[in-house]
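Heads up, the thing below is written out as structure tokens.
The values are calculated or read from the model by the stated rules, or taken from the named source; none is laboratory data. Not measured: the values here are computed from a predicted model. Cβ sites come from the backbone with ideal geometry, for glycine too, and all protein chains shown count toward neighbours. These accessible areas exclude ligands, DNA and RNA; they are computed on the full protein's heavy atoms, side chains included. Shrake-Rupley method; radii C 1.70, N 1.55, O 1.52, S 1.80 Å.
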Amino acid sequence: MLFAFYAMLEDILLQVNKPGRYIGQEWNVAKKDFSLTNIKFALCFPDLYELGMSNLGLRVLYGILNNIEDVCCERFFSPDIDMEEILRQNQSEIVSLESKKRLREFDLIGFSLSYELGYTNVLNILELGGMPLKSSLRDHSYPLVIGGGPCVLNPEPLHEFFDIFVIGEAEEAIAQIIDLYREFKDRFKAAQINKQDLLVELVKIEGVYAPSLYEVKYNSSGKIAEFKAKVKGAPEQIKKRFVQDLDQVYVPLDWLVPYIAIVHDRITLEIMRGCPNTCRFCQARSQYFPLRIRGIKNILDLTTNIYRRTGYEEISLAGLSVSDYPDILGLLGQLVDLFKEKAVGISLPSLKPKTLAGDFSALIARIKKTGFTFAPEAATERLRKILNKNFDLPDFFKVIEQAYRCGWQHIKLYFMIGIPYEEKKDLDAILDFALSASELKRKINKRPAQVNISINTLIPKPHTPFQWLAMQDLETIKLKQNYLKKRLKNRNLKLSLHNPYMSFIESILSRGDRRLSPVILKAFGKGARFDAWENRFNFDRWLSAFAESGINPDFYLTDRSLKEYLPWDFLDTGINKEALRIEYEKVIAEG
Ligand code: SF4
């Protein structure tokens with residue numbers, strides 16, 4: 001039987017693009033015996049293999065779960081369109097990368113939810129796994145479906161599909177969920193306890209939210225009138241989980257090395273979690289609050305160990321704002337010294353000039369030139385003040401100049417549009433800012449630099465001081481984008497504008513409530529897949545899903561009253577609503 005399955009798989013693999021996505025068996029893959037382990041965990045990433053394998057959280061959970069003796073954790077990624085077609089034509093189910101097991105053979109299914117535009121891919125994996133999509137239709141004979149990751153800061157739009165969500169960092173919570181499931185598994189599988197009883201036990205674990213244990217009532221204007229637990233034992237407020245000490249947290253040393261190129265094909269090591277800054281638009285700050293720092297010795301030990309087990313030639317230091325690491329220069333210097341003989345490059349994500357002025361130039365020449373990225377976000381001081389993104393402009397340009405001196409030819413600048421109180425002059429300033437950055441290079445070799453300007457639309461996200469603000473409407477954003485395109489004359493500046501229709505849908509899904517589950521289901525039914533990919537995103541499909549569900553999408557984009565109960569108010573991130581309100585009122589006062 002298994003032989004027949006593999007023969008069929010081989011036949012399928014010959015017909016699809018990039019078969020390496022589906023074969024598994026990578027270097028350092030976990031080798032657990034599926035049939036001999038007690039608890040089977042399907043770890044799913046709702047996008048292609050190349051993206052999922054670049055996700056640090058997925059690698060961490062894979063390691064933690066497979067380190068538990070009686071747990072076997074296997075991976076599932078979204079099949080690409082060609083693979084999906086073949087699976088559906090053959091009425092075959094999606095199988096795990098490791099043992100080629102079907103989704104329904106697992107006890108627990110965990111999804112990493114990194115971006116809202118991946119929601120229809122979640123439904124696709126469930127459907128291709130033969131699972132009823134709604135939690136209410138899955139009894140004890142089906143695995144429990146768990147969601148985690150950045151998007152669960154507002155899980156409500158997905159409430160119909162998931163049994164539980166883990167709010168915040170899952171490293172410790174997942175082991176507690178496994179322990180509890182182990183205790184109840186036999187009785188649950190034998191239908192001696194029902195799913196609701198099991199969920200009531202699970203929500204005793206801090207950070208676990210089971211949406212079916214709560215009900216929401218709306219008033220005549222469509223706002224939330226009441227959110228309350230339906231059963232005894234379900235907490236009114238769900239506290240976000242976070243680990244206390246980053247030096248004690250699990251880091252996978254047996255880093256999986258794929259056979260095909262993935263998006264981040266390198267070792268990624270988190271050097272800090274959380275951010276000391278307070279940019280008012282930033283949801284990641286609430287997601288990863290509070291700030292925790294990994295010690296230099298630990299970082300050096302971990303990178304050495306992972307390097308030995310993989311042979312990767314690049315180490316990327318990860319964190320929300322790595323240039324705020326307390327001794328970033330000391331750390332970089334030691335890493336460069338440690339790896340210089342081995343020709344291993346050290347790379348950094350987006351940089352902040354404040355901390356990198358001064359001594360940085362000597363070091364900068366020695367780190368890998370993977371592109372120099374800065375995120376000023378706004379080009380005028382007035383708007384940066386509104387965003388609370390403060391930095392010193394002369395320092396900023398000094399660092400860019402240093403980068404040119406050290407050999408960088410191109411830089412990338414991230415900006416946002418749709419910022420409250422934005423005016424035409426603020427848009428003009430973006431191009432002027434980029435031009436100054438480009439012209440600065442003439443001082444070094446008489447030639448301007450190529451500057452890539454990436455422009456996103458501001459989405460006022462939950463758990464930020466901007467959560468009460470309206471999202472700027474689609475027509476205004478399109479006008480602003482066209483204005484920038486028309487004004488761009490200099491061929492050394494390249495403009496990349498984020499698709500405004502995608503931002504529109506992302507904004508609704510991130511700010512929405514329970515009434516969006518049917519919309520997501522309808523969009524999926526109409527063929528929505530890979531919505532985070534511009535070439536696959538179809539705006540009309542979403543609009544008709546809203547229309548057929550009787551939902552006005554604009555409802556979710558308007559401003560919110562300070563008195564309103566917001567769909568995510570039952571989640572406690574550690575930054576209280578009052579602190580957000582004070583910052584919001586400063587924005588209103590400053591504008
Ligand atoms: S935008 Fe960056 S620097 Fe600002 S709070 Fe968020 S992570 Fe920190």
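Data table
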item	result
Given charges at beta-carbon only (K, R positive; D, E negative), |dipole| of region 221-276 in Debye	560 debye
Qualifying lysines (Cα of each under 18 Å from Cα of residue 32; at least 8 residues distant if same chain)	40, 100, 101
Charge-dipole axis of the chain as Lys and Arg at +1 and Asp and Glu at -1 on Cβ define it, positive-most pick from 452, 521, 52	452
Positive-end residue, region 259-314 charge dipole about Cα centroid, Cβ charges, pick of 269, 296, 259	296
Relative packing of peptides 472-480, 568-576 - highest average C-beta neighbours within 10 Å first	568-576, 472-480
Where no second cysteine Cβ lies under 4.7 Å, the cysteines concerned in the chain	44, 72, 73, 151, 275, 406
Share, in percent, of DSSP beta bridges within region 184-337 that are antiparallel, nearest 5	65 percent
Restraint check, 412/489; 424/485; 31/297; 443/485; 389/425, Cα-Cα greater than 24 Å	31/297; 443/485
Area of residue 495 that stays accessible when all protein chains are in place (1.4 Å probe, Å², to 10)	40 Å²
Debye, to nearest 20: dipole size of region 184-291, +1 on Lys, Arg Cβ, -1 on Asp, Glu Cβ	520 debye
Accessible area in square angstrom per residue, region 366-524, 1.4 angstrom probe	41 Å²
Accessible-area value, residue 18, 1.4 Å probe, nucleic acids and ligands omitted, Å²	90 Å²
Signed unit charges on C-beta, dipole axis of region 480-542, positive-most listed residue 507, 539, 493	493
Solvent-accessible ranking of 382, 560, largest area first, probe 1.4 Å	382, 560
Ranked order, 408, 533 - accessible area, probe 1.4 Å, largest first	533, 408
Mean Cα-pair separation over length for the chain, i.e. relative contact order, pairs under 8 Å, 6 or more apart, %	13 percent
Solvent-accessible surface ranking, highest first, for 313, 105 at 1.4 angstrom	313, 105
Label-point separation in nm, residue 428 to residue 473, each point 7 Å along Cα→Cβ	2.6 nm
Separation of the residue 565 and residue 390 label points, Cα + 7 Å toward Cβ, nm	3.8 nm
Surface share of carbon and sulfur [accessible, 1.4 angstrom probe, percent] for region 476-591	51 percent
Considering only the chain, percent of DSSP beta bridges that pair antiparallel, nearest 5	20 percent
Carbon plus sulfur fraction of accessible area for region 1-123, probe 1.4 Å, in percent	57 percent
